[in-house]
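Remarks on the structure that follows.
The values are calculated or read from the model by the stated rules, or taken from the named source; none is laboratory data. Since the model is a prediction, treat every value here as computed from it, not as a measurement. When we count neighbours, we look across all protein chains shown, and the Cβ atoms used for this are built from the backbone with ideal geometry, even at glycine.
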């Protein structure tokens, strides 16, 4: 009888539920809705952080790869410039010395005592005669000749040459190269990369990920208040850690960029200097052989190697600048300290007022960055272009500086070269008159300068 009553009771409850006599408590429904809303909000916060840092990574990658490509292109242009200068110079020397040998042959060829001397000189001036003086210069100039000066420089700027400076730089820029700086950065921001910061944040935000904060909350193991507090802390720490990781990666890349550029530029300059030394040594040996055998040596044109688009030659010597000269509104600007010191002026820089005062003998000139008003011995002079910062270098108008300190200035537009001579007597020998032009920015008014 009791069993029968129990069955009827259960049947009554089921029918009541089906007919709507009984209803689920409203409080439980509200809790379920609140749970869904909170889970969605957490998902939204995670997505916002993920997209924000991914966008930051994409922007950083674009900038870093752009810097690399720009420097790689500049290095290749420098190598091409060096190669052309060396090829042209070797062709010039070969032709000059060949003509000289021809003249010597005409003058001494019929004399039996000069046959061996002519042969010795011919070998010395042959760029392909092994161990000869001109061969040594040709060898060191050849980028394909293993271990030559040019070969070493060419390899260091080759991103495909294992262990080269550019190879190391290229690999660290590549997010697909295992263990590189950008590979680590990319993985840190990748929610699919196991154990990464973004992977951990994604899992903590995921109610389906076992043992995560949202998993505990969704299963009733944590109150809404506790879950909110814990997720707020997780998001705050994640932002802090992600930003710190990003800053570290970008900092490492900037450091690598600076060191690589500095090393390659130093190698480029030292390579050019060594090649000039080899050239001088080879020509000195050739001239000595000629003088010993025929009574007089031989002179050749000087080779000037510059990687700047605008060259500055002072009293016949090519200047080398850490920051290359630039053209601004038709005026040539050069690094301040380098030009002042080369022209023999004493320099005083006022960092607070961003102004410079330079003196040489009884001349004093003053100028302020950003101002077109300069002074020479107290007299105001108007500049077409003011002194200014280019990168991290203070640049000043070369014509105003040079002429104010008593030097003569000439411009060769064909070669983009500024010629400066510190004595009027030498000015006619520095550059042929038919190529002389006004330095860019020069006006007819003597008080209007660069």
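Tabulated values for the structure
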quantity: Test result for residue 265, at pLDDT below 95, within 25 Å of residue 416 (Cα to Cα), within 31 Å of the chain's Cα centre (by Cα) and crowded, with 18+ Cβ neighbours inside 10 Å; calculated: no
quantity: Residue 60 vs. criteria out of contact with any helix residue (DSSP H, G or I) (no Cβ under 7 Å at 6 or more places or on another chain) and surrounded by 15 or more Cβ atoms within 10 Å (Cβ to Cβ); calculated: no
quantity: Selected residue (only one of 129, 169 is surrounded by fewer than 18 Cβ atoms within 10 Å (Cβ to Cβ) and either over 25 Å from residue 243 (Cβ atoms) or in contact with a helix residue (DSSP H, G or I) (Cβ under 8 Å, 6 or more places away or on another chain) (or both)); calculated: 129
quantity: Filtered residue count, the stretch 399-413, keeping only those that are assigned to a helix (DSSP H, G or I) and out of contact with any helix residue (DSSP H, G or I) (no Cβ under 6 Å at 6 or more places or on another chain); calculated: 5
quantity: Which listed residue is within 18 Å of residue 44 (Cβ to Cβ), surrounded by fewer than 17 Cβ atoms within 10 Å (Cβ to Cβ) and modelled with pLDDT of 95 or more, from 161, 177, 209; calculated: 209
quantity: Condition met for residue 271 (over 30 Å from residue 106 (Cβ atoms), at pLDDT 90 or above and part of a helix (DSSP H, G or I)); calculated: yes
quantity: Condition met for residue 387 (on the phi > 0 side of the Ramachandran plot and within 29 Å of the chain's Cα centre (by Cα)); calculated: no
